[in-house]
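What follows is calculated from the coordinates using simple rules that are stated; it is not laboratory data. Every value quoted in this text rests on a predicted model; they were computed, and no experiment measured them. No Cβ is skipped: glycine too gets one built from the backbone with ideal geometry, and neighbour counts run over all protein chains shown.
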Amino acid sequence: MHDATYSPPASLDALRQRSLVVGVIGLLAAAAGAFVSPGQFFHSYLLAYLFWLAAALGGLALTMLQHLSGGGWGVVLRRIFEAAARTLPWMALFFVPLVFGLRDLYPWTDTAMVAQDHILKEKALYLNVPFFLVRAAIYFVVWIGLAFALTRWSAEQDRTGDPALAVRMRNTSAIGLVLYFITMTFAAIDWAMSLEPHWFSTMYGFLFIIGHAIMGLAIAVIMARRLSAEAPMSGVYNAGHFHDFGKLLFAFTMVWAYLSFSQFLIIWSANLPEEIPWYLHRLNHGWERIGIGLVIFHFAVPFVVLLSRRSKRNAALLAGMAVWLIAARFLDLFFMIGPEAYPDGLGFHWLDLAAAIGLGGVWVALFTSNLKGRPLLPLGDAGLESALHGQHH
Amino acid sequence: MERASIYGLVAEFESPTALVRAANRAREAGYRKMDAYSPIPIEELHHALGLKDTKLPWIVLGGGLTGAVAGYGLQFWASTIAYPLNIGGRPLHSWPSFIVPAFETTILFSAAAAVLGMILLNGLPMPYHPIFNARRFAMASRDRFFLCIEAKDPKFDQTTTRRFLESLEPREVTDVEH
């Protein structure tokens, strides 16, 4: 009745090649910029890196989430999530340029300045270069290990259909999600929060984690929509599936708004001198425009659009909303880490765009190439049949 | 058409799939005044029975907007007009602290509108409904699935409709008295 192998269509090759060309051009431009203004390059590259790392880690987190939650939405998207998660070894490689920019990025690497600053002197036990690098290595070992194990068992499940593998993936995901939350909280502190080493917020890691969920799901929705245009996936994704994706996207957007506002409300209420500078910087000097932009573009518009059942069931509209949310994610990251790159007020350098497009092109090429390597649906999953044809059989 | 002697005809099915198939066939055959009864929610029935989209989401939206305006308005009125107090040197209209209670009243009013709207749109409370006269109808809350074609349907005819329902391979077809 179906093409039971769901092998990827040849058109993915064209997508991969086009993205690779765009990516290489963008990265070459960024590399040229690195010689002209190295300080700016590292800030732009960090922004681009955190933006696309979200796509890879979002894939990993959602792979684990769907193993735990079950449900048809996860079965039909799992291969896309896995393809995103399998870009993580490359993301470890792309982290390397940042190692050369630590002095340009992080004030706490300046030992002379730290010696003068009581708070930073105390924090030096944690914020020092060797420990920073060791921690980064630990994060990547955990993430790549989880991605490798889960995708390998998933491929094995395609061949054997062994139910023990489903149990193993579920158990690993339970531990894996906990590990991901812990490592990502620390990674967010290390790579982004320590740009302003005096400031701290315990909610900061969660803001990154929910960003990953939005990014990972948005990319999966766009890919699902693209794949459903031709065989073998035409007719696989129905309005009910997109309805589920839309509900999740809606929920993730709400969680993002909830967490972002909570962080602001708590710091605003306490009004403590060590906490408020972060927001004072972001609510003045032009940055308040980005802040208001976030309320509109990252919350109000997606909220109103995704509230309606009809728009969630409309694949084209939902894919458009996913593109919109990816742009909003960039805006949010820019709001979180941009002010440290532009201390004199709102600014935007062409390198910000070049690095994001360059890294993005390469990431999409790697993601597509991963997607191409496996069947587009988990053939050995016991829930596949009901995920494709509804529940009443 | 004179008032039919019965309320309708009900067919009993053993699976949700059979019920959805039967409802689809009945809709395709031109029947409109019908209803399905099932112990579990079945999403596909909405389309199979040819039901129109419910007005409930709009009622909930109205409730939510009312809650948002009322919640925010109450705080604004209380802190700036009725009891203007200086709290920690903050402005009287300290909007960040108003957001959370306004959000809560939005949810409260939406939820209340959803429950009340659902009850009213369903025609509840309804002390009497003829479908309970059908033999074995109590099974609808256990493991059986019923499709009832009502006599007020223009296409309803006691003989042909019964024959039609029997062609859907139900467990049995029974009359529903008024």
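In chain A, a dipole from Cβ-located charges (positive for Lys and Arg, negative for Asp and Glu) runs towards its positive end, and of A:P130, A:P277, A:L379 it is A:L379 whose Cα lies farthest in that direction.
If you run the Gaussian network model on chain B, springs between alpha carbon atoms under 10 Å, then out of B:F98, B:F145, B:F164 the most flexible one is B:F98.
Checking understanding here: applying a Kyte-Doolittle mean of at least -0.5 and a length along the axis of at least 27 Å (C-alpha), which whole DSSP H helices in chain B pass?
The qualifying helices are B:56-76, B:95-121.
Report, ordered by chain and residue number, the aspartates and glutamates lying within cross-link reach of B:K52, taken as a straight Cα distance under 20 Å and ignoring same-chain residues fewer than 8 apart. Straight-distance partners of B:K52: B:E28, B:D35, B:E43, B:E44, B:E150, B:D153.
Cα centroid separation, segment B:147-178 to segment A:136-167: 55 Å. Strictly over 29 Å apart at the Cα level, which of B:K55/B:K155; A:K247/B:K152; A:K312/B:K155; A:K312/B:K152; A:K247/B:K155 would you flag in this model? Pairs exceeding the cut-off: A:K247/B:K152; A:K312/B:K155; A:K312/B:K152; A:K247/B:K155. Does anyone have the angle between helix A:204-227 and the longest principal axis of chain A? Alpha-carbon axes, 0 to 90°, nearest 10? Roughly 40 degrees, rounded to the nearest 10.
Against chain A, whose longest principal axis comes from its Cα atoms, helix A:11-36 is set at around 10 degrees. As a calculated quantity, the FRET efficiency between A:N284 and A:S386 at R0 = 56 Å, using C-beta atoms, amounts to about 0.55.
For chain A, a Gaussian network of Cα nodes joined below 10 Å ranks A:G293, A:G235, A:G246 by mean-square fluctuation, and the top entry is A:G235.
For the residues B:I42, B:I87, what sequence is obtained by ranking on other C-beta atoms within 10 Å, fewest first?
Numbers: B:I42 19, B:I87 10.
Ranked by crowding around the Cβ, least crowded first: B:I87, B:I42.
Once both axes come from the Cα atoms, what is the angle between helix A:350-372 and the longest principal axis of chain A, in degrees from 0 to 90, rounded to 10? Compared with the principal axis, the helix lies near 30 degrees. Note on chain A: with a GNM built from Cα contacts shorter than 10 Å, the maximum mean-square fluctuation among A:H298, A:H67, A:H349 falls on A:H349.
Modelled label positions at A:A31 and A:T5, each set 7 Å beyond Cα in the direction of Cβ, lie 3.8 nm from each other.
Compared with the alpha-carbon gap, the fully stretched path from A:A231 to A:S269 is longer by 8.1 nm at 0.36 nm per residue.
Net length available on complete extension from B:I40 to B:E14 is 8.1 nm, with 0.36 nm assigned per residue and the Cα-Cα distance removed.
Between segment A:214-276 and segment A:114-130, the alpha-carbon centres lie 37 Å apart.
Taking a straight Cα-Cα cut-off under 20 Å and skipping sequence neighbours fewer than 8 places away in the same chain, the aspartates and glutamates within cross-link reach of A:K121 are A:D104, A:D110, A:D190, A:E196, A:E274, A:E275.
Between B:H47 and A:Q116, the C-beta separation translates, for a Förster distance of 51 Å, into a calculated FRET efficiency of about 0.10.
Each stretch of four or more DSSP H residues adds -39500 (n - 2.57); spread over every residue of chain A, this sum gives -25500 deg cm²/dmol at 222 nm.
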